1. Return the total of residues in the range 182-196 being in a strand (DSSP E or B) and either closer than 23 Å to PRO305 by Cα or free of Cβ contacts under 8 Å to residues at least 24 places away in the same chain (or both).
2. Taking ARG331 as the residue in question, decide whether it is farther than 26 Å from THR41 by Cβ and either at pLDDT below 95 or under 16 Å from the mean Cα position of the chain (by Cα) (or both).
3. Sort out which residues of the range 273-282 are surrounded by 23 or more Cβ atoms within 10 Å (Cβ to Cβ) and either in contact with a Leu (Cβ under 6 Å, 6 or more places away or on another chain) or modelled with pLDDT under 95 (or both), and write them in order of number.
4. Which of the following residues is touching a Phe, Trp or Tyr at 6+ places or on another chain (Cβ under 9 Å), modelled with pLDDT under 85, surrounded by fewer than 21 Cβ atoms within 10 Å (Cβ to Cβ) and of a type outside the set (Asp, Glu): GLY250, GLY293, GLY231, GLY236?
5. Take the range 164-212 and flag every residue that is surrounded by fewer than 23 Cβ atoms within 10 Å (Cβ to Cβ) and touching a Ser or Thr at 6+ places or on another chain (Cβ under 7 Å).
6. Could you tell me which of the residues LEU112, LEU76, LEU93, LEU71 is closer than 21 Å to TYR291 by Cβ and out of contact with any Asp or Glu (no Cβ under 6 Å at 6 or more places or on another chain)?
7. Quick test for you: out of ALA152, ALA156, pick the one residue that is in contact with a helix residue (DSSP H, G or I) (Cβ under 9 Å, 6 or more places away or on another chain), surrounded by fewer than 24 Cβ atoms within 10 Å (Cβ to Cβ), at pLDDT 95 or above and among the hydrophobic types (A, V, I, L, M, F, W, C).
8. Would you call GLY341 out of contact with any Asp or Glu (no Cβ under 7 Å at 6 or more places or on another chain), without any contact (Cβ under 8 Å) to a residue 12 or more places away in the chain and either surrounded by fewer than 15 Cβ atoms within 10 Å (Cβ to Cβ) or at negative phi (or both)?
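The values are calculated or read from the model by the stated rules, or taken from the named source; none is laboratory data. Since the structure is predicted, the reported quantities are computational estimates derived from the model, not experimental observations. Ideal geometry is used to build each Cβ from the backbone, glycine not excepted, and the neighbour counts take in all protein chains shown.
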Amino acid sequence: MDKVRSAMSPPPMSDGRRLLNLITDVAGLRVGQALDTRARTGVTVILPDDRAVCAVDVRGGGPGTRETDALSPETLVDAVDAIVLSGGSVYGLAAADGVVAWLGARDRGFGLVVAPGVPRSPIVPAAILYDLANGGDKGWGQEPPYRDLGLAAIEAADRTFALGAAGAGAGAMAGVLKGGVGSASAVTSDGFTVGALAAVNSFGSVVAPGGRAFWAAPYEVGGEFGGTHLGGVQAGPEDWGLAKRRPQVGANTTLACVATDAILTPPQARRLAIMAQDGLARAIRPVHAPYDGDVIFALSTGRRPLGEDAVFTLTRLGAAAADCLARAVARGVFEAHAWPGTDVVCWRDLPSDTL
């Protein structure tokens with residue numbers, strides 16, 4: 001039963017670090033973020049120290065992605081140089097251009113032809129969420145800010161980063177509540193580290209009907225998102241609580257990345273991403289709808305072999321990734337604050353008993 005230790009009461013890691021309860025607890029990862037407060041949008045970059053095995057699982061009905069086809073196990077490329085999550089809908093895909101330029105200038109990327117004067121090709125999959133109708137100034141004409149935001153985000157990459165209305169979650173809404181970026185981590189009993197990061201802009205609600213308890217409450221660790229309890233909560237088939245009232249196709253998305261320091265093959269990373277999708281189902285109701293663009297990336301930084309019982313170890317890592325992702329979703333909304341001068345409802349504004 002004691003297969004996963006909480007990141008909220010952490011042991012020291014092997015290199016002397018202590019857990020931050022962030023995806024960057026996975027050795028070899030940094031995260032950088034940038035936002036445009038005027039436009040109410042932003043970008044989050046997950047940056048591995050070295051090229052990392054990556055897979056993707058897309059479950060939403062209205063996704064917006066870049067380079068995800070390259071992540072199929074049968075394709076030539078078997079590792080990535082960075083992952084980009086961005087606001088801005090289709091405009092936000094340009095954030096990856098800035099990240100590619102930054103990496104290429106540092107001779108990082110896939111080298112099909114390694115020769116003087118031939119630049120490498122950084123592999124930077126990306127996914128976007130819709131925040132174009134949140135009241136920010138989107139009058140950017142032919143110069144959307146996303147390439148510059150991508151550059152700023154990767155320049156800011158570090159082990160620590162802001163949660164809530166930051167990065168790709170700057171302009172997000174989780175149902176009718178302010179959404180945002182959340183993260184969480186855990187360490188297994190045999191020392192594997194698992195982490196998750198989510199940018200929550202869901203159609204569905206992250207809280208149960210009639211109160212402020214997060215659907216993810218059973219997985220909460222150490223009061224990391226308010227210590228709420230579901231208790232005897234019940235929800236009918238169409239009682240979705242604080243879901244968006246007038247959803248639009250393609251206008252709602254939860255973007256996520258899960259990561260582990262285990263050495264994984266591309267097919268194993270794909271299984272990790274598939275299992276991690278259950279974390280969204282535990283934290284958001286409903287989810288994976290035609291209105292959503294839900295996308296999950298899975299990264300392996302390749303520090304520890306799976307060992308002799310590789311299948312069972314991968315199973316435990318997938319279960320831990322799902323739990324971490326559910327916690328990350330709730331943390332993103334819990335930490336979110338409204339944009340100045342607006343009446344957007346935040347989780348902290350909800351009455352503690354009933355709505």
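1. Residues that pass the stated criteria total 9.
2. Judged against the criteria, ARG331 is not a match.
3. Across the range 273-282, the qualifying residues are ALA276, GLY279.
4. One residue alone meets the criteria, GLY250.
5. Selection gives VAL187, PHE192, GLY210, GLY211, ARG212.
6. Answer to the check: LEU93.
7. Only one candidate passes the filter, namely ALA152.
8. yes
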